[in-house]
Amino acid sequence: MDFDLIIIGAGPGGRAAAEHAAALGLRTAVIEKAELGGACLNRGCMPAKALLHAAGQLAAIRASDSLGIRAADVEFDFDAVQRCKDEAVLNLRESMAQSFRTQKITVIAGCAQIVAPNAVCVGTERYTAEKLLVASGAAPACPQIPGLELPGVVTSDALLEPAGRDFGRLVIIGGGVIGVEFASIYRALGRAVTVLEAGTRLLPSMDRELSQSLAVLLKKRGVTTALGAKVERIEAVEGGLAVVYTGKQGAVCRAEGDGVLVAVGRRPCLDGLFAGALQPETLHGALVCDENFETSVKGIFAVGDVVAGNMQLAHVASAQGAAVAHQLAGKPVLTNLKCVPSCVYTDPEIASVGMTEEQAKAAWIALQVGKVPTAANGKSVIEHTERGFVKLIFRAEDEVLIGAQLMCARATDLIAAPALACANGMTRRQLLRAILPHPTFGESLAQAAQAARRR
Ligand code: NAD
């Protein structure tokens, strides 16, 4: 065999698997058809966060009047913002390539096809390995909407590619994570933004109170949102595009813009990956895996966005990639893979882990809930952080933390503490043992634990 492990895809899942496997002594190769880093580094998390950072800085400067700072005539240069984002992506990609070189991980450039449970072809070359790992990720899903082919209709890939795209008026189809993050970026840059969401609320998979608070904030900032919007078609009109949709009350409505972002989910990348009769079981186009990440073809494993039932998050892919490497090297897996935090980089940030109140109630779990508004937190008051809250959910029977939802400054960093507590089954009393520094945003966690009451 040429290798112990061949990994297809160098996104977060493939990278973590490769680095852990190499560190554990496995002869490892990674096959990648595009750039190292996958969607997260090149067309996802990293460029999006670079834009969000720039947009956030601009918004903060514009809002600084209330702090006594006069910053009249603030300008931003869209192309320079894009260059800064592209530089960050290049740096991160180079540091990944360097890490692979240091760890002697073989990188094979090209499009892989799995031809046998232990063989992969790239063009005319054939490579063999004891085990294969599919970490080929996902790409934006495109629904059946007439007019999708019109110029100016884009996915997040186009907005995040080098140089990016600017639209003075952006209509976003989909009020999920990508939709609300781009609404935040474009609105902060002063663009007109309309969000059309098919469901009854933004971020439908998250806590209801988070959705409601976000909707209020976006409205306050001038984002137009239509919920229960059934998109019928996109048309070219004078000066731009019109998205025609049926509204909640059944009326036919139009939202006009220069650009339309389609952000309605991502579909697994499996096209042409498996040759001939070698077709593992799939569910809705994603690979079905057992609890050890093995597909229905023995010896072929899969992690990340390409796996059925997975949350499509970079850190899920990384954790699973590391777990597979440990398993294959005969080492114990330390991570609790069931406890997954998820973050939305709006302003203020949103983060959650474990169960929401609704989910726990639907599972008939008796609860203690502690919720405090950020208005009760000194640091938030000083920094003029708008409407937000910290909510902790404990199982009433033993006071174990089973969920947390945060909407506040630095929520995406603060969620580390509840994630640690959830992953280790910690109780309310254990949370309250720690002294938290003052003044910090994190004090809200202790206040919420203190405030927990049966409900
Ligand atoms: P999503 O599933 O989060 O949201 C898609 C939204 O589109 C849903 O609210 C859905 O109801 C709506 N929708 C579907 N069809 C529609 C239609 N025809 N008209 C109007 N609305 C429609 O998907 P996404 O926002 O595209 O994100 C894709 C994946 O990438 C998600 O799994 C997400 O978690 C992940 N992601 C994560 C982050 C992060 O962690 N910060 C950032 C970006 C993306």
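FYI, it's all coordinate maths here, none of it is from the lab. Since we're looking at a predicted model, the values are computed, not measured. Every residue, glycine as well, gets a Cβ built from its backbone with ideal geometry; the counts of neighbours run over all protein chains shown.
Below, the figures for the structure above:
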item	result
Anisotropy class of segment 299-410 from Cα gyration tensor, a/c 1.5 cut	prolate
Hull-based mean projected area of segment 397-449, where the convex hull spans the alpha carbons, in square nanometres	3.6 nm²
Calculated from backbone phi, Karplus (6.51, -1.76, 1.60) coupling profile of segment 191-201 in Hz, x at Gly/Pro	8, 7, 10, 10, 10, 10, 10, 6, x, 8, 8
Model label zone, Glu130; criterion: amide N under 16 Å from point 7 Å along Cα-to-beta-carbon; scope segment 322-339	324-332
From the C-alpha gyration tensor of segment 153-264, square roots of 5λ in Å	20, 18, 12
Using a Förster distance of 41 Å, the FRET efficiency for Ala277-Ala158 (Cβ separation, nearest 0.05)	0.65
Antiparallel DSSP beta bridges within the chain, as percent of all bridges there, nearest 5	60 percent
Hypothetical label at Lys331: residues of segment 109-152 whose amide nitrogen lies under 19 Å (7 Å Cα-Cβ projection)	130-133
Rg/Rg_ref, segment 348-454, where Rg_ref = 2.2 N^0.38 Å and atoms are Cα	0.99
Rule-of-thumb Rg ratio for segment 359-409 [Cα; 2.2 N^0.38 Å; N residues]	1.36
Sequence-separation-based contact order of segment 223-326, relative, with Cα cut under 8 Å and 6+ spacing, percent	14 percent
Added length on full extension, which subtracts the Cα-Cα distance from 0.36 nm per residue, Asp2 to Ala251	83.4 nm
Spatially close lysines, pair count over segment 280-381: Cα under 28 Å, gap of eight or more or interchain	6
Selected from Pro47, Gly425, Gln320, residue furthest toward positive end of dipole (the chain; charges at beta carbon)	Gly425
Considering only segment 146-271, percent of DSSP beta bridges that pair antiparallel, nearest 5	45 percent
Size of electric dipole in the chain: Cβ of Lys, Arg +1 and of Asp, Glu -1, about Cα centre, debye, nearest 20	1280 debye
Label-point separation, Glu235 to Leu420 (7 Å along Cα→Cβ), nm	5.7 nm
Distance from segment 94-114 to segment 351-426 (C-alpha centre basis), Å	39 Å
Cβ-derived FRET efficiency at R0 45 Å, Ala376 paired with Ile69, nearest 0.05	0.95
Relative contact order (%) - criterion: Cα under 8 Å, at least six apart; region: segment 348-454	36 percent
Principal semi-axes in Å for the chain [√(5λ), Cα gyration tensor, largest first]	36, 30, 22
Pairwise FRET efficiency - Asp290 versus Asp398, Cβ, R0 = 25 Å, nearest 0.05	0.25
Kirkwood Rh in Å, taken over segment 271-349 so that all alpha-carbon pairs contribute	14.0 Å
